[in-house]
Amino acid sequence: MISPSPVPVAIVGAGPYGLSVAAHLKARGVAVRVLGVPMGSWRARMPAGMFLKSTPRASSISDPEGRHGLNDFRAAEGRAWVGDRYAVPLDEFVRYGDWFQQRCVPEVERAAVTLVEAAPNGFRLSLDTGEAFTARTVVLAHGFPPYARIPAELRPLAGAGLASHTSEHADLAKFAGQRVAVIGAGQSALESATLMHEAGSEPVLVARTAHLVFGDPPDSDRPDDRPWPQRVAKPATPLGPGWSFAAFSRAPQAFRYLPDRTRADLVRTILGPSGAWWLRERTLGRFPQLTGHEVVSAEEVRGRARLRLRGPTDTLEADQVLVATGYRVDVERLDLLAPGLRRAVTCRNAGAPRLSPGFESSVPGLYFTGLSAADTFGPVMRFVCGTGFAARAISRSVATAVRR
Ligand SMILES: Cc1cc2nc3c(=O)[nH]c(=O)nc-3n(C[C@H](O)[C@H](O)[C@H](O)COP(=O)(O)OP(=O)(O)OC[C@H]3O[C@@H](n4cnc5c(N)ncnc54)[C@H](O)[C@@H]3O)c2cc1C
């Protein structure tokens, strides 16, 4: 079935970034079709029992009036305001996202976009419902899943069903009773290993870093309650306290002008691998942690995984390997874009789309937001706290183009 006239804007994805840009576009009077399962990644690709690493203040999805923050949701549920010392549980954040969606973007269609192709008057989108339609503008807000990265040395194990990426799991309790090698040192690795340990698995963490790093607990719930010398020395920002974080969160437009290499290094290293402050007690010393170890090769031996390591321990056997080595943006991995479109998108730094100040790619009318935009606008795009900057810039640019 092909819908007749083109819609002005199609948004692919109904996570924090897709919902936010939809809310901002609607406020500017631009008609949108929003496709995807609301908060789909948070429901299906994050482990049950997880807490957010970001503070409540930094976990609000941006709406044009600023009336749909996490604490507004809590107030609507009759619950108390929470500050920086509150760790937001995953199920609360999903309920909050649903509340935001129902109030700000009730028209979300729970369909998956299977293909986006160039068309004479914009783009042709095919859905898993069998419908196809044309949109003049497409905003890709598909999130992090297509970019999940499994290092080359572990891919043979993944093919044999003995290794998987953290983004493939919503229920880590299924590993109970199994010995699981967890690769990585970031929040996802540390929290996944901890959740598995607490659910009766035998995790063994393998991390290249010499020591595991955890954040410091906030001094107060409201950053403004800190003594003024502290506020000056380390200004509060959604990414954490500090002047470099202030620069990244307050001036993402300036990030665009840094040289390619510098941007790539900053996106990779700022907020490097570390666990949330509230995870330290539950993690440190609770299960084997092979810091200073690197996986060199991996093979299947009698139905189990055998890892060769560089480090004091040289071999590790496990029933399963959980890969928590993060995400790497690469447009080539976006199967939902037709190959011709993928090739037409100008990229930098091994596959990240180069975007205009309004988040438009080199293909007119094709926008990227969220993690895809981190190479252009910096680390703030990796987190929910970037939704306001992105949604304002995209909605301004798209509204201008649609009216032209
Ligand atoms: C384990 C983990 C923990 C995290 N913790 C935090 C945290 O504490 N704080 C924080 O700010 N950030 C956190 N993040 C980062 C977080 O993913 C982003 O902040 C946020 O989810 C980005 O929103 P998004 O809308 O870009 O992407 P997503 O949340 O990934 O949403 C993408 C949406 O697009 C949909 N979709 C994808 N492809 C299609 C398609 N073809 N058709 C239709 N729909 C599609 C998906 O179903 C999903 O609903 C975490 C990430 C991970 C992996």
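With the condition kept exactly as written, say whether any residue in region 89-112 is charged (D, E, K, R), within 15 Å of the ligand (Cβ to nearest atom) and buried (at least 19 other Cβ atoms within 10 Å of the Cβ). Yes: one or more hits. Assessment of region 114-133 against the conditions (buried (at least 19 other Cβ atoms within 10 Å of the Cβ), in contact with a Pro (Cβ under 8 Å, 6 or more places away or on another chain) and more than 26 Å from Ala10 (Cα to Cα)) yields no matching residue. Residues in region 249-267 that are assigned to a helix (DSSP H, G or I), of a type outside the set (Asp, Glu) and either touching a Phe, Trp or Tyr at 6+ places or on another chain (Cβ under 7 Å) or loosely packed, with under 15 Cβ neighbours inside 10 Å (or both): Arg250, Pro252, Gln253, Ala254, Phe255, Arg261, Thr262, Arg263. Of all the criteria given as (1) in a loop (DSSP other than H, G, I, E, B); (2) among the small types (Gly, Ala, Ser); (3) in contact with a helix residue (DSSP H, G or I) (Cβ under 9 Å, 6 or more places away or on another chain), the one not satisfied by Ala22 is (1). Of the residues Leu162, Leu172, the single one that is under 30 Å from Ser274 (Cβ atoms) and either at pLDDT below 95 or away from the ligand (no atom under 12 Å from the Cβ) (or both) is Leu162.
For Thr129, the requirement of being within 30 Å of Ile394 (Cα to Cα), β-branched (Val, Ile, Thr) and either within 19 Å of the chain's Cα centre (by Cα) or away from the ligand (no atom under 16 Å from the Cβ) (or both) is not met. Apart from one condition, Tyr17 fits all of (1) in contact (Cβ under 8 Å) with a residue 60 or more places away in the chain; (2) under 29 Å from Ser397 (Cα atoms); (3) more than 8 Å from the ligand (Cβ to nearest atom); the exception is (3). Here is the figure for region 291-342: residues that are under 30 Å from Gly365 (Cα atoms) and surrounded by fewer than 13 Cβ atoms within 10 Å (Cβ to Cβ) total 3.
Apart from one condition, His197 fits all of (1) outside the structural domain of Ala338 (by TED's automatic domain parsing); (2) surrounded by fewer than 19 Cβ atoms within 10 Å (Cβ to Cβ); (3) away from the ligand (no atom under 13 Å from the Cβ); (4) not acidic (Asp, Glu); the exception is (2). Checking each residue in region 46-66 for being within 11 Å of the ligand (Cβ to nearest atom) and under 12 Å from Phe100 (Cβ atoms) picks out Ser59, Ser60, Ile61.
Among the residues of region 89-133, those that are in a loop (DSSP other than H, G, I, E, B) and hydrophobic (A, V, I, L, M, F, W, C) comprise Val105, Val108, Ala111, Ala112. Residues of region 205-218 being surrounded by fewer than 22 Cβ atoms within 10 Å (Cβ to Cβ) and within 23 Å of Pro312 (Cα to Cα), which ones? If the condition is that a residue be surrounded by fewer than 22 Cβ atoms within 10 Å (Cβ to Cβ) and within 23 Å of Pro312 (Cα to Cα), then Arg208, Thr209, Ala210, His211, Leu212, Val213 are the ones that fit. If you filter region 362-404 down to residues that are surrounded by 24 or more Cβ atoms within 10 Å (Cβ to Cβ) and not in a helix (DSSP H, G or I), you find that the one that is nearest to the ligand (Cβ to nearest atom) is Thr369. Taking (1) within 15 Å of the ligand (Cβ to nearest atom); (2) within 22 Å of Gln187 (Cα to Cα) in turn, Val116 satisfies each apart from (2).
Restricted to region 25-36, and to residues there that are crowded, with 17+ Cβ neighbours inside 10 Å and not in a strand (DSSP E or B), the residue that is nearest to the ligand (Cβ to nearest atom) is Gly36. Checked against (1) aliphatic (A, V, I, L, M); (2) within 16 Å of the ligand (Cβ to nearest atom); (3) more than 30 Å from Ala87 (Cα to Cα), Leu271 passes all but condition (3). Note on region 134-189: residues that are outside any strand (DSSP E or B), among the hydrophobic types (A, V, I, L, M, F, W, C) and within 30 Å of Ala10 (Cα to Cα) total 3.
The values are calculated or read from the model by the stated rules, or taken from the named source; none is laboratory data. This one's a predicted model, so the numbers in the text were calculated from it and none came from an experiment. Reconstructed Cβ throughout: ideal geometry from the backbone, glycine too, with neighbour counts over all protein chains shown.
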